[in-house]
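The values are calculated or read from the model by the stated rules, or taken from the named source; none is laboratory data. Remember, it's a predicted structure, so these values are computed and weren't measured experimentally. Cβ sites come from the backbone with ideal geometry, for glycine too, and all protein chains shown count toward neighbours. Side chains included, ligands, DNA and RNA excluded: accessible areas come from the protein's heavy atoms. Shrake-Rupley method; radii C 1.70, N 1.55, O 1.52, S 1.80 Å.
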Amino acid sequence: MRVPRLPRPRSLAGQLFAMQAVLIAVLVAGYAVFSYVSDRGQARDAAGRQVMAVARSVADASSVRQAIRTSDPTRTLQPYATQVQQHTGVDFVTIMNPKGIRWTHPNPALIGERFLGHTARALKGESFTETYTGTLGPSVRAVTPIRDGGRIVGLVSAGIKVQTVSARVQEQVVTLVGVAGGALALGGIGTYVINARLRRSTHGMNATELSHMHDYHQAALHAVREGLLMLDGQFRVALINDGGRELLGVSGEVVGRSVAELGLPAPLTGALLSSAPRVDEVHLTATRVLVVNTSPVSGGERRGTVVTLRDVTELQSLMGELNSERGFTQALRSQAHEAANRLHTVVSLIELGRAEEAIDFATAELELAQALTDQVIAAVNEPVLAALLLGKAAGANERGVELVVSEDSRLDDGLLPPSLPARDLVTILGNLIDNAVDAAQGSVGAQVTVTAYTEGTELVLRVSDTGEGVDPAHADAVFERGWSTKPATASGGRGLGLALVRQTVRRHEGTLTVSAAPGGGAEFEARVPLPTVGAAARTEPTSPGAETALSGGDV
């Protein structure tokens, strides 16, 4: 059995059109009724004023008083009344004696008969109007006295039939209906045009669907961990979710503010202000590494930009550790290659019958490797940093650079607090060493010196090289993402290491500086606070002394 589909509710635009059409119709109809009632009353008032003016004009005419004094007033007054009636547009002008006997009437056959209406007030000298049914039917009439020397010698009544008044109102009503119909049609057309645009804007959805979409929209914004930022056509923040606030490090009222006013790093601000789409661009804030994607919203004109933000800080740290592991692997590969050469040397010496020389050669190599390892461990007993230094030493040796650990270095195992994870140490020291090796490679006596110790409440990591150094004018720019004196790689990966170092140091509220090394080149120094390190566990640096040289082939 096929279940019948329920009719889809009318769209929001359709509902508003129906409501607005009914509202306009009710307003126009109400106005028409009010105008009809008002015009009918005004027409009666106007008729009353008109007949009163006519009656008083006749009563004040001297020719009327002269005719009354004659023996046959009708002969003079009837033509006069007919003429006034025609000129003033009233339906009758009746002149009568004080007893109400007509001297004039539109119907001459009724002359001499008694006037049908009230005259008592007029006989007292008062002019008045009334609606009364006489020989011509219902009429609006005025009655006023005719005075001659202070004495009332007659009465005048001028009137307009109610039928005539109604005809005037009907003409006005016809005009009013035409105007009301035009207003209704114009309002309907305007409402249709407005709602047609509303229908396009709401995509034909009804109020319930829009309400549900709003609820889903709000739920999605708060549920998504990634940052979502929507900018309008003037690059003002139109919407930002909780994840976006957290990743960008902004607080307070952000909606309505320009991106340039949020205090973001210059490269990130430039990416958000760009009209071109950005795909998986890596940007650094004070404490995070973000992957930024932007997509312009267009519909015939630029309406804004949708920005998504992903936090890859942890991923970047893991990549740093992975790079360190790769360095260790390369060091082991080099070690294996060197060990194979030494083994061939020992075997060859034995085959030549020089067993004692073979034993002396093998023993010397073993003692040298162990001595170098012991020296590194004695200077830096923290296992992660020791392994990092041994691996970096092997990599530097392959590139013709000697990595030296200063005797000032002193870090015991367990000295560093949990608030400073080994991952961050690898990021700081590993990138500083890589940068120094790049700078020193190819220089005369290429050497990189590493110093690591605690001083007071700070961990000090210092790396110097024998390269060309850093121009003091670029002392700040060298830490910006993308800045490098080396040519860019195909992946655009240069200029990120020092930026990551500064970000990590800032995250721990430390400082990072660059200056000229004593022997030439550049010297980078990172100082990281150690709030949980006990004073007794700290060892002050010793005076400058000899340095331990690490040869990659001897590790």
Original post:
Inside the stretch 390-445, can you point out the residues that are in a loop (DSSP other than H, G, I, E, B), open to solvent by less than 50 Å² (accessible area, probe 1.4 Å) and of a type in the set (Gly, Ala, Ser)?
Top reply: 409, 443
**OP:** Go through the stretch 351-378 residue by residue and tally those that are more than 29 Å from residue 406 (Cβ to Cβ) and modelled with pLDDT under 75.
**Re:** 3
Original post:
Quick one: residue 139 ticks every box in (1) among the small types (Gly, Ala, Ser); (2) part of a helix (DSSP H, G or I); (3) crowded, with 23+ Cβ neighbours inside 10 Å bar one, so which box is it?
Top reply: (2)
Original post:
Among (1) at pLDDT 80 or above; (2) surrounded by 15 or more Cβ atoms within 10 Å (Cβ to Cβ), where does residue 253 come up short?
Top reply: (2)
Subject >> Residue in the stretch 208-220 that is open to solvent by 20 Å² or more (accessible area, probe 1.4 Å) and either within 30 Å of residue 427 (Cα to Cα) or at pLDDT 75 or above (or both) present >> reply: no
Original post:
What number of residues within the stretch 471-511 satisfy the criterion of being modelled with pLDDT of 80 or more and either in contact with a Cys (Cβ under 7 Å, 6 or more places away or on another chain) or open to solvent by 30 Å² or more (accessible area, probe 1.4 Å) (or both)?
Top reply: 6
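Can you spot a residue in the stretch 113-120 that is more than 22 Å from residue 163 (Cβ to Cβ), buried (at least 16 other Cβ atoms within 10 Å of the Cβ) and in contact with a Leu (Cβ under 9 Å, 6 or more places away or on another chain)?
Restricting attention to the stretch 113-120, the residues satisfying the condition of being more than 22 Å from residue 163 (Cβ to Cβ) are 113-114, 119-120.
Now narrow it down to the ones that are buried (at least 16 other Cβ atoms within 10 Å of the Cβ): 119.
Applying the additional criterion that residues be in contact with a Leu (Cβ under 9 Å, 6 or more places away or on another chain) yields 119.
Yes: one or more hits.
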